[in-house]
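Accompanying notes for the structure given below.
The values are calculated or read from the model by the stated rules, or taken from the named source; none is laboratory data. All values reported here derive from a predicted model rather than from experimental measurement. Methodologically, a virtual Cβ is constructed for each residue, glycine included, from the backbone with ideal geometry; neighbour enumeration extends over all protein chains shown. Surface accessibility is based on the protein's heavy atoms, side chains included, excluding ligands, DNA and RNA. Shrake-Rupley method; radii C 1.70, N 1.55, O 1.52, S 1.80 Å.
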Amino acid sequence: MKKFITLISFIIYTASTFAQVPQGFSYQAEARDASGNPWPNHAITARISITDSIGGYIWYQESQVGTTNQFGLFTLNIGNGTNLIPSRPFNNRHWGIMNAWIHIEYDPNGGTSYQDMGSFKLLSVPYALYADSAVNAANATHATNATHADSASNATNAINATNATLATNAVYSFGPKYPTGFRATNKTTHTVTAATLTPLTYDSVLFNDGNLFSLSGNNFTALTAGAYTFEVAAALAPTSSAGRIIVYLYVNGVATVGNNVYQSSSDIVTANLNATLHLNANDVIGAVVYSFNGGTIVSSSTFNYFSGLKVY
């Protein structure tokens with residue numbers, strides 16, 4: 001008999017102020033067969049993804065096994081399953097600043113042949129998780145760990161703080177919860193066609209805090225709106241004649257800022273670009289080079305790199 005799953009509820013549990021904040025929240029659904037009858041006492045596997053939009057970037061993904069009770073109901077504690085992307089742990093989600101969508105997939109037979117059950121938006125942030133992960137406050141008004149505090153060891157907004165984003169008295173720092181920065185290098189020789197915009201490609205990532213740089217796409221995606229600073233270097237050996245080299249930052253496929261150098265007919269020249277841009281959330285940034293006479297990218301990570309970080 002064909003089975004399907006009817007979703008009945010989604011529950012977020014907040015924590016007591018006297019208890020440790022749980023790293024997870026509960027999701028409950030009901031399984032019914034094709035005739036609409038409850039499907040009791042069966043194992044069901046689920047794959048849960050937390051994304052920034054429908055079909056968007058996956059912040060966290062896990063799998064879980066649940067068993068329906070005599071009424072066909074089952075409950076999953078999202079955050080306590082098997083993490084399918086270890087580099088994106090559940091407790092490092094930006095609950096306070098990110099859009100959060102839940103995408104649910106199930107296999108009613110307990111395997112991994114998942115059926116897409118759709119996505120829905122979290123209209124309320126899991127408050128206990130936000131209070132726990134946003135900032136580690138030593139003293140706060142409404143939580144053991146809170147965003148706004150008069151005195152805090154690590155806070156987003158605080159009057160006195162050791163580590164804070166915005167504070168009256170603080171050592172300025174983003175803190176460990178919101179790392180955003182990368183540096184990619186290239187050791188591969190490739191040809192730059194004359195008078196053509198050539199995307200710069202990279203084959204190694206020295207660090208990628210926040211996992212926002214895509215090595216396969218050779219681009220960086222902004223997590224949130226704000227000021228970001230970037231540095232690009234491209235060393236080019238000429239073909240046979242002198243000319244100019246321009247290196248650009250591309251934002252959403254549009255050349256936004258560039259810098260050019262003059263190249264003789266025999267010298268290897270490195271075109272450098274340093275720029276600070278205000279980006280919107282989900283803006284995509286890449287680097288391209290334009291040579292009036294073409295040439296060959298020199299295979300050295302010392303001269304070919306793309307780096308960036310969020311300033312605020």
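Results, tabulated for the structure shown:
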| item | result |
| --- | --- |
| Hits in the range 50-74 - residues which are modelled with pLDDT of 85 or more, hydroxyl-bearing (Ser, Thr, Tyr) and touching a Phe, Trp or Tyr at 6+ places or on another chain (Cβ under 7 Å) | 51, 60, 67, 68 |
| Number of positions in the range 265-290 that are in contact with a Leu (Cβ under 9 Å, 6 or more places away or on another chain), closer than 27 Å to residue 56 by Cα and open to solvent by less than 80 Å² (accessible area, probe 1.4 Å) | 7 |
| The lone exception for residue 38 - which of (1) more than 24 Å from residue 284 (Cβ to Cβ); (2) at pLDDT below 85; (3) under 26 Å from the mean Cα position of the chain (by Cα) it fails | (3) |
| Filtered residue count, the range 35-57, keeping only those that are of a type in the set (Val, Ile, Thr), surrounded by fewer than 15 Cβ atoms within 10 Å (Cβ to Cβ) and in a strand (DSSP E or B) | 0 |
| Subset of the range 101-125 [at pLDDT 80 or above, of a type in the set (Gly, Ala, Ser) and assigned to a loop (DSSP other than H, G, I, E, B)] | 110, 111, 113 |
| Hits in the range 41-59 (condition: more than 13 Å from residue 104 (Cβ to Cβ), more than 26 Å from the chain's Cα centre (by Cα) and hydrophobic (A, V, I, L, M, F, W, C)) | 43 |
| The range 186-218 - residue that is hydroxyl-bearing (Ser, Thr, Tyr) and part of a strand (DSSP E or B) and, of those, farthest from residue 295 (Cα to Cα) | 214 |
| Residue list for the range 265-281, restricted to those being hydrophobic (A, V, I, L, M, F, W, C) and in a strand (DSSP E or B) | 269, 271, 273, 275, 277, 279 |
| Which listed residue, of 250, 262, is of a type in the set (Phe, Trp, Tyr), in a strand (DSSP E or B), without any contact (Cβ under 8 Å) to a residue 60 or more places away in the chain and surrounded by fewer than 18 Cβ atoms within 10 Å (Cβ to Cβ) | 262 |
